Every structure is written in C-alpha cells, then in structure tokens.
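Asker: Here it is: the structure, laid out below.
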Amino acid sequence: MRSIRARRSVCALALGWLLAGCSQELSAPIPTAHPEDATPRRSGKFTFASFGDIRSLDPANVSDGLSVQLLENLFAGLLDYDEHGKITPDLAENWTISDDGTSFRFVLREGVRFHDGEEVTAQDVKRSVERALHPSAPNPYASAFASITGYEPYRAGKVDHLEGVTVSGQYVVTFHLDAPDASFLPLLAMHPLRPVCRSAKNRYEDTWHPCGAGPFKLPAGGWDRGREITLVRHPGYFRPGLPYLDEVHALFHVNFNAQRFKFVGGDLDILRDFLAPDLLKFQADPRWKPYGEYEIEKTVGGIAMNTEMPPFDNVEVRRAIASAIDRDKLRLIRAANLRAADRPVPPSIEGFDPNLRGQHYDYPAALDHMRRAGFAYDPVTKIGGYPHVIPYLVYGQSIDEYLAQVMQQMLAKIGIRIEIRVVNYASFLALRGRRGESPMGPGSWTEDYPEPSTFLEPIFTSQAINDSDSNNWAFYKNPRFDDLVSRAKREVDQGRRQKLYTEAQALLCDEAPWAFTHYYRLYTQWHPYLHDYRPHPLWATDLRKVWLDRAGGAPLARSFFHPKDALATLFDRSSQ
Amino acid sequence: MIRRIARRLAWSLFVIWATVTLAFLVNFALPSNPARIVAGPQAPPARVAAVRKELGLDRPLTVQYAYFLKRLAHVGPNTADGPHATCLAVGGGLHVDLGKSYQQRRPVVTILAERLPRTLMLAAAAIFVQMTLGILAGVIAAVYKRTAIDFLAVSTSLIGISTPTFVTGLLLQWFFGHYLHLLPLDGYGESPGEHLASLILPALTLGIFGAAYYTRLVRDEMIGQLSQGYVQTALAKGLPRRTMIVRHALRNAWVPIVTLVGLEAGTLVGGAVVTESIFRWPGLGSLSVTAMLDRDGPIVMGSVIVTAIAVTLSTVAADVMTGLLDPRSRARD
C-alpha cells in the first residue's frame, strides 16, 4: 500500500512538473507592500540584467547603449534630458545662447560635489571637455563636437588647450562655436563631455576608476568585468534627498531564459530582454500589462543599396525596391518590437513631419519602376526582371536574417532575385563598409542624440563615404542633400530647420539609397513594487527618483531559509 | 620513462607553436576589421583608422607576427609600469606578455589569470561527475549484462549523448533553479560556498553529457575483463564477486578511462562554451567565443595558447598514467 502511494506521489510530482513545464504560465507580479502610502522609501537595491556587457565606464570612451545606462547614473552633466526627452539643466543652473547661436554660457550650481568630495567648478568642466576631446581619448563622439572653436588643432595635438572653452570665475563656463550648430546642445546633454573627478587628470587613461557627480558612485571593486557591477548611493548628490535607492546592481551575459526566471522570481526588478513568445505573454496578461511600457523608437532599419554598384546605380531599381516592400507585413516577423517605417527619422524625434509622404508599398508602381529601369517583369509569366542574382549580406542569428527571408519573397515578385549570404557580425561590419564589396544588405542606425541630423549626416552625406570603412553603406552622393543637412545644422530658427530636414528626408525617400522598412522599439516590464519607474527616452534606466516598496521584503530576507542559500551556507561553513 | 616524458613534452612545444601560428593566421585571414569593432559600429571612419594605427593593425602580417612572438616570452625587470605593464613575470626575469585586450583594454594575462581558475574548477567538477556517473553505470551494466538494468544504463547513456548540452542545461536550470529554487540559476557567487553551489548545475550539465561516453566505454571494457580466465579462476578460488570486480576487473579497465579523461580535460579547459553561456559561468569558453566574435586578437591568442597547453599537458599526463597502470605500454616504448 505504501509503495502504491509513493508511486502515485512520484507520478503526481512528475505530471505536475511536466504540466508546469509545458504551460509555463506566468506567476503573479510581486505587489507593493504599502499600496495606500505613496511616500517614497529610501532604501533598497535595484537589480537589472542584460544579455550584453558594458565596454567602458569612462564618458570619453563609450558608444554602446548599455554603458550609457550606467553612465547616466554615475555622471551628472551640465544639461540632461527629462522624462519627456526635453533638454533640462542639471549641473548648470541656467544657460544663455548668443543671438548668432555661436556662444553658449553656462552658470554652474554652487556646492555640487564629485564622488570624491571635491567641488565641481567651471575649471573641472573645461578640464573634462579637454580630456574627452584630447587625441589620447578614444572618444567615438569626438568629431561630433568639431564645431567648437579650435577643435581641429586641439584634436590633432597641435595645441595644449581647446580655444573654444573659456572659464570666468569659479562657476561660469562658455563654449564658443565656429558656426551655429543645431546639434550642439542635444550632444552636450549626452554623456561624452560630462565632468569627471580630478583623479581623471587631463588625459585619458584606461586604468582610471570612474568618478563623477552623478547620483550613484562606483565603489572600489564594484565592477567585476564581464559579470556584474554594483553602484552605491552618492551621499553628496546635489539634489536633496535623492536618490532613494541604496544600490544599483547590474548583471551581464544573462541569457533570456534566466532573465525571465530571475525576474518572475523577484531577483530582477525590471526585464528588457525578452524571447518573442515571452513578451507576448507579458503583454497579454492583465496582471502584468499595467507595469510594462514601450521605449521610444531609437533605431531605424532598412535595405541599404550600394548606389555605385549595378543594378542600384539606377535610381529606378532602388525606387522599385522601396515600393515593393510591404512594410506592414514585414513587421509581423516580430510584431511586438517592429513598427513600419517610411523615412529615416523616427516619429519620436522632435520635428517629425506627418505631412511628408515617405516610402510606401505600391506594387504596380514597383513594376512600373522596373520597366523604366529597363528590367520589365511580367508577374503572370514570371518573365523578365533583373537577370542576375544579387548577394544580400547579413549576419547570422539577427532579426535582419529573418527579415531578409521575407524580403526575398517580396522582391521576387518584381523580378529581383537575392541570395542571402550569412556571415558573422565581425565580417559583416568589415564587408559592408568596403567600396564595391556589397551591393545590398540590411542597414540599421541608432540615434546618438535626439535630433534629426543623427539619422542623416553620418549615413547619407558624401562626407561619410570612405573607401575601406564607410558609414554611408549606400555610397550615396547628392550635393543637394549634403547642402540641405549642412544648412539645417547651422539654422538657428527651429521652424526653418525642421523644414530643411523634411526636405532632405523627402529627397532620400525619393532617391532611395535605403528602402526604409522598420523602426525598432524595446519593451520594459517591471514589478508593481517598483515606484516612479518609466523607461527613460534616452537612458532607459534613470534611477534618481525610483524607489522600492516590496511586499515580503527584500529578496535576501525572503530567502533567508531558502534551500539555495542554505546550501551555500553549508558549503561556506564546511570550507571555513 | 623520463626520456619518454621529455620526448612528449618536446613534441607538445611544437604542437603549441603550430596551433598558435595557425590561430594567428586564421585570425588575420578572416574578413574582419577589429578596429571597427573596437571603435563601435557607428564610429566615424577617421576614428576607426586611428584605432587601427593605435592597435598596430596597420602593419604587415609578418611584422605583427614577429612582434607577437618577440613579446610572448622575453626577459625584463619586475615592474608593472611602462613597456612591461602587460607582462606576467614567471620567475628568473622571464616575462610572458600577450598584450592588451582590444575591447577590455586590460592586460590579457590578467584576464586569463582571472578566468583560468574558474575554468579549472568547472573542468574538475565536470570530470568528477562524468567519471562517477559513467563508471558506476558502466560497471553495473557490465555486471548485469543483457538484463533490464543493462538496457536502462545503455539507453540512458544514449539519451545523454544525444541530448545537446543547451537542452540539458536549460532543463536543469529551470527545474533546480526556477522550479525548486534549490540552486542558483546562474552566476558564480561571492563566497566559496556560493561558488560551489553555483558550480553544481553547470558541472551536472557537462557531467551528464560526458558520462554517457564513460558508461559505454567502461561497460564494454568490463564485459571483456569479466570474460577473462583470471576472473573465473579468482571466483573459483572463493574471492568475493564484489572484490573481484572492483580490485581486479575494474583496475584493468582503467587504461582507456585515463586516456578519455586526458582528452576530456583538455577540451573542458578550452571551454565548455554553451554551458558557460547558459549558466553565466565566467570561464575561458565564454571569453574565447566573445573574443572571436569581436575579433579581439590578443584574447583569442591567449585563449588558444592556454587551451593548447592544457590539451597537450593532459594528453602527456594521460600517457604517463597509462604507462604506470599498464606495464605492457612501457615495454612497447
């Protein structure tokens, strides 16, 4: 009898396990402990994870999006972006711009302290700018500040100081530009020129321990490279009472499954890396739905066509491809993350013109463009079209690989046959930028700063063409386009500037060096106990005002008698 | 015996040099641009060109190779500054220098020194699990050959071989980490106890996969031994069956096991890439793959050297052990 019972129990356990494994229903989110009390609580550790890793924590050497999330919490800047993506003063109390738009005068807050206790002064701002733009700094953004007076000789190492940054007294610093530059303030509000402690000295060094004036600081040994990082509250942060959190903990190289398990179990406070089916589950679950939100679109994707190689040296072929892509169908590859795109600049960027009719699906027009190009195609008999197969270079396991397979079908309907060639990421990066190497492939660009020029200047102007490593993958050259972007960047009046940008985009949509196909957007899910958290439009995780009020206490306290910890304790005791 | 070891070690040096040279050539020949990866996918071309120069990638292949070999082992003062900042002093003024990682901008010897102990720990634990499970199942299967127990052991070992580690790993992670909350989902932990607790699931994943080979090998070897005349004689003389199996038959079956351990150990030190990725185990495997994908040449070369040394040393050790266990192999030399 006992044996039968035991067998039944084992069967029940196995069945339960299998059912749980098959259905994988989401458990309920962890509620807030005091739903009736909205007063922020000052304690707790915020934990998030990523599939990727950070490469640097020095503002003078950062280009990846993940590092930027941490930099925002470590380094305060003269300016910052608020939760709506508007530029707002941070270390600067106020600023004034000269009438001709070439001089920016900032008055600093007094008494702001770096993590090491020193006061932030105008001289520190100048020193940090010079350090970040010095030839020794591998700053990927350096050339974006080329409008600062004296940039060229300073960056070339011909002079010791940057002429265009001047200091008056202890709290006033002025930037002088050679000509008005619409992207200067948006760029200044980003991270590359943010003030760093005096321990950073005047020159970039790999070994410097990151130290700034942000709400959190990096303690000694706080960064275990390739694994995790812990930031702790900066007690001298200049905004009284902030931040509320004691610590910020980031884990790297965590696979998507483990992230989901950790998040649902409460070991992570937010979740950003989703497997596609998991994302749909969270979005469909009414218990989780109120605690999830899309971030704004910051990436545009499309098909880059090399305008120097046949058949894409013929503008009619490019127009045919731009008209042959059914973007609404294409986005279904990952409907939760993709939105159909009709132009280079996403709608989230200020100045988006809804009246511009960008690229769109028009099958008869696509066939007509093919006929005008001299490659008429009859979809009934399937006779005609471009006679050669076109290689389409893409890197493996990326969303572009899947998109390419759908696009292949769409282009076949207008008589264009593409052969998808899958390479690894490193080879893809190397090959796509070489002149005459790749006729066609996926294009993708993420904003460096929230201003239209970030999507136009680095990838479509003739200055971005380079024989061996071009960022202008389409090798597109149009003096009129160059002129429009250049004039827009120098234009001080916002209305006129937006008009110029719209005109430049209309030109791109018509001449189609890219067929713009999609904007990519990320989704963030969080637990109800996480308060005042919203995905920041620029930084994703701005944690200054975030606070925790978790039912059941912190994860450590909850699992005090947990077998997992008991096991570790047992091992620890036995190893002592 | 000493001559035999010396000959094997000399041969190992050649194998290591050949492997390293091949890795260097492959790394160079692949269409890639490490400078572009270091500078970032959106960096302006001028910055990429500057990085290429800074990393010495603008020099001809022969110059880069000569510089690499010259720097790899050289004599210098014990200082952590200047030209010897990326060196590891190995004693007697001799330095090993693998340069600085393109991505992490830290000395490669430092990075490898952090990763290697963790990899050795995982490799040792995995081999322990493989041997324990494999030998136990193999012996039981041989003793009860052609019974349900034998069938079960052989079938289980087949399933173990056929199931990829990413399936076993995810299943174990889900069941023990997420469902039962018994073990950490991933990571390495902070204290020795946490290291050990975190080690269990990756070691089991590798162990279950590798144990299958041991099971089949030990079963076949034990069946052969148990049918030998000396076994029958010993049993006839009244030696207990258990003693005979453990002390005599199994001892004679050790030779192929040791050979397999030697091969496995080298491979595991080279990196259990998938398992390390699933469990976020900070070993050499995940480091090597990331470095290869990022074209981080110095790390790739460092990993190749460590792996080559591990494989050749473990093979030599297995050879020596075989010699000790089986006098006939000594006689053959």
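Asker: Need the failing condition index for A:Asn355 against (1) surrounded by 14 or more Cβ atoms within 10 Å (Cβ to Cβ); (2) not in a helix (DSSP H, G or I), just the number.
Answerer: Single failed check for A:Asn355: (1).
Asker: Does A:Phe428 qualify as being modelled with pLDDT of 95 or more, in a helix (DSSP H, G or I) and over 16 Å from A:Val300 (Cβ atoms)? Can you show your working first?
Answerer: Numbers: modelled with pLDDT of 95 or more: no; in a helix (DSSP H, G or I): yes; over 16 Å from A:Val300 (Cβ atoms): yes.
No: the conditions fail for A:Phe428.
Asker: In addition: Could you figure out which of (1) modelled with pLDDT of 90 or more; (2) within 10 Å of B:Ala212 (Cα to Cα) isn't true of B:Ser155?
Answerer: (1) is the only condition that B:Ser155 fails.
Asker: So for the stretch A:143-153 (the condition being in a loop (DSSP other than H, G, I, E, B), closer than 21 Å to A:Arg534 by Cα and in contact with a Leu (Cβ under 6 Å, 6 or more places away or on another chain)), does at least one residue qualify?
Answerer: Residues of the stretch A:143-153 that are in a loop (DSSP other than H, G, I, E, B), as a first pass: A:146-147, A:149-150.
Remaining after also requiring closer than 21 Å to A:Arg534 by Cα: none.
Within the stretch A:143-153, none of the residues are in a loop (DSSP other than H, G, I, E, B), closer than 21 Å to A:Arg534 by Cα and in contact with a Leu (Cβ under 6 Å, 6 or more places away or on another chain).
Asker: Among the listed residues B:Gly187, B:Gly169, B:Gly177, B:Gly193, which satisfies the condition of being within 14 Å of chain A (Cβ to nearest Cβ), in contact with a strand residue (DSSP E or B) (Cβ under 9 Å, 6 or more places away or on another chain) and small (Gly, Ala, Ser)? If you could, list the steps in order and put the result at the bottom.
Answerer: Details: B:Gly169 fails: in contact with a strand residue (DSSP E or B) (Cβ under 9 Å, 6 or more places away or on another chain); B:Gly177 fails: in contact with a strand residue (DSSP E or B) (Cβ under 9 Å, 6 or more places away or on another chain); B:Gly193 fails: in contact with a strand residue (DSSP E or B) (Cβ under 9 Å, 6 or more places away or on another chain).
Residue meeting the stated conditions: B:Gly187.
Asker: Further question on the same structure: Only residues that are assigned to a helix (DSSP H, G or I) and free of Cβ contacts under 8 Å to residues at least 40 places away in the same chain: list them for the stretch A:485-515, please.
Answerer: Taking the stretch A:485-515 first, the residues assigned to a helix (DSSP H, G or I) are A:485-490, A:494-511.
Residues satisfying the conditions are A:Val485, A:Ser486, A:Arg487, A:Gly495, A:Arg496, A:Lys499, A:Leu500, A:Glu503, A:Leu507.
Asker: Could you look through the stretch A:129-145, keep only residues that are modelled with pLDDT under 90 and either under 21 Å from A:Ser103 (Cα atoms) or away from every other protein chain (no Cβ under 12 Å) (or both), and pick out the one that is surrounded by the fewest Cβ atoms within 10 Å (Cβ to Cβ)?
Answerer: That would be A:Ser143.
Asker: Looking at (1) under 27 Å from the mean Cα position of the chain (by Cα); (2) at pLDDT 90 or above, find the lone condition where B:Ala142 falls short.
Answerer: Among (1) under 27 Å from the mean Cα position of the chain (by Cα); (2) at pLDDT 90 or above, the lone unmet condition for B:Ala142 is (1).
Asker: Collect the residues in the stretch A:172-216 that are of a type in the set (S, T, N, Q) and either part of a helix (DSSP H, G or I) or at pLDDT 95 or above (or both), keeping them in residue-number order.
Answerer: The initial filter retains those residues of the stretch A:172-216 that are of a type in the set (S, T, N, Q), namely A:174, A:183, A:199, A:202, A:207.
Residues satisfying the conditions are A:Thr174, A:Ser199.
Asker: Just to be sure before I move on: is A:Glu72 surrounded by fewer than 19 Cβ atoms within 10 Å (Cβ to Cβ) and either modelled with pLDDT under 95 or on the phi < 0 side of the Ramachandran plot (or both) in the structure I sent?
Answerer: Answer is no for this residue.
Asker: Just the residues that are of a type outside the set (D, E, K, R), closer than 19 Å to A:Lys45 by Cα and modelled with pLDDT under 95, please, taken from the stretch A:264-279.
Answerer: Selection gives A:Val264, A:Gly265, A:Gly266.
Asker: Mind listing whichever residues of the stretch A:125-140 are out of contact with any helix residue (DSSP H, G or I) (no Cβ under 7 Å at 6 or more places or on another chain) and outside any helix (DSSP H, G or I)?
Answerer: If the condition is that a residue be out of contact with any helix residue (DSSP H, G or I) (no Cβ under 7 Å at 6 or more places or on another chain) and outside any helix (DSSP H, G or I), then A:His134, A:Ser136 are the ones that fit.
Asker: Something else about it: Could you check A:Leu268 against (1) within 11 Å of another protein chain (Cβ to nearest Cβ); (2) under 30 Å from A:Lys86 (Cβ atoms); (3) surrounded by fewer than 17 Cβ atoms within 10 Å (Cβ to Cβ) and say which number it fails?
Answerer: If we test A:Leu268 against (1) within 11 Å of another protein chain (Cβ to nearest Cβ); (2) under 30 Å from A:Lys86 (Cβ atoms); (3) surrounded by fewer than 17 Cβ atoms within 10 Å (Cβ to Cβ), just (3) comes out false.
Asker: Separate question: Name the single residue, out of those in the stretch A:401-446 being touching a Leu at 6+ places or on another chain (Cβ under 8 Å) and free of Cβ contacts under 8 Å to residues at least 12 places away in the same chain, that is farthest from the other protein chains (Cβ to nearest Cβ).
Answerer: Out of the qualifying residues, it is A:Glu437.
Asker: Looking at the stretch A:235-253 only, could you name the residues that are within 14 Å of chain B (Cβ to nearest Cβ), touching a strand residue (DSSP E or B) at 6+ places or on another chain (Cβ under 7 Å) and in a loop (DSSP other than H, G, I, E, B)?
Answerer: A:Phe252
The values are calculated or read from the model by the stated rules, or taken from the named source; none is laboratory data. Treat the numbers as computed from the prediction; the structure is a model and nothing was measured. Methodologically, a virtual Cβ is constructed for each residue, glycine included, from the backbone with ideal geometry; neighbour enumeration extends over all protein chains shown.
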